[in-house]
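What follows is a set of notes on a single structure, which appears directly below.
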Amino acid sequence: MSEPGTPTGNDMRKRPLSPSEAIRLVNEKYNLQHNSSETLRALLFLEKFSEMLDGLEGRKILDVGCGNTSRIDSSSAYSQKNDRNYEPWFCRALQMAGGHAIGIDIGNLDTEEFEHYQDNFLNPHIYDRFDDSSFDGVLSSSLFGETRSSGFTSPALRRASSDSNFNAARNNFFMQDKRVLKEGGVLIVFASAKKLLTFRKVGGELVQEK
């Protein structure tokens, strides 16, 4: 029996889920504790997109470097430690909330229910598959820092890159995000635990929010 005030499955099907409700369902589906550390960051992103886009239902959001569940061979420069923090929690939760999640990651995402592509952030053609003005939002979580001098924050990308391809990848990221975002669309860059950068496409340009 549900606790008083807790939405039931029938209630949730009648209306869009809030970010916290979507995270609760994800925690239940993937056997995580309530207020699990693995999904707290995803909740932060859901709340920010919901605030800036006036809700999540029907919103098409691209997560670049979304995470994966298949651990890449340990000899690979892109290998990750066996940690559930690296799973695609934001995309899973956005789908629960009625949004259209699209994830890109170097790891395999074949078992995931959301639209996904396996690709390398260092690939300059990573965005070629997407049309102009096709996304309401784009998310980048822990790929690179706030400034150019910060370099990649992802350990895998730091091992596999040089200063020159870092600069090329970072420049391509912002150029392509500007192209694929709709007018009024939102880019969120999680640069560090203390810094969440937000941008909105205004007049065809990315304008950083203060």
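Of the peptides 197-204, 105-112, how do they stack up when ordered by the mean number of other Cβ atoms within 10 Å, highest first?
Result, highest mean first: 105-112, 197-204.
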FRET E, pair residue 54, residue 115, Förster distance 25 Å, beta-carbon r, rounded to 0.05: 0.65
13 Å beta-carbon shell around residue 201, net charge (K/R +1, D/E -1): -2
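Would you mind counting up the charge near residue 181? Only other residues with Cβ under 13 Å from its Cβ, with Lys and Arg at +1 and Asp and Glu at -1.
Neighbour charge sum, excluding residue 181 itself: +1.
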Distance between modelled label sites at residue 85 and residue 195, nm, 7 Å Cα→Cβ extension: 1.8
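Report the full-extension gain for the segment residue 131 to residue 37: residue separation times 0.36 nm, less the Cα-Cα distance, to one decimal in nm.
Full extension from residue 131 to residue 37 adds 30.4 nm.
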Pairwise FRET efficiency - residue 29 versus residue 171, Cβ, R0 = 45 Å, nearest 0.05: 0.75
Net charge of Cβ neighbours under 13 Å - reference residue 30; Lys, Arg +1; Asp, Glu -1: -1
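Arrange the peptides 179-186, 117-124, 41-48, 90-97 so that the one whose residues have, on average, the most other Cβ atoms within 10 Å appears first.
Working: 179-186: 18.0, 117-124: 16.0, 41-48: 20.1, 90-97: 26.4.
Final packing ranking: 90-97, 41-48, 179-186, 117-124.
Readers should treat all values here as calculations from the given coordinates under stated rules, not as data from a laboratory. Just so it is clear, the model here is predicted, and its values are computed rather than measured. All Cβ positions, even for glycine, are placed from backbone atoms using ideal geometry, and neighbour counts span all protein chains on display.
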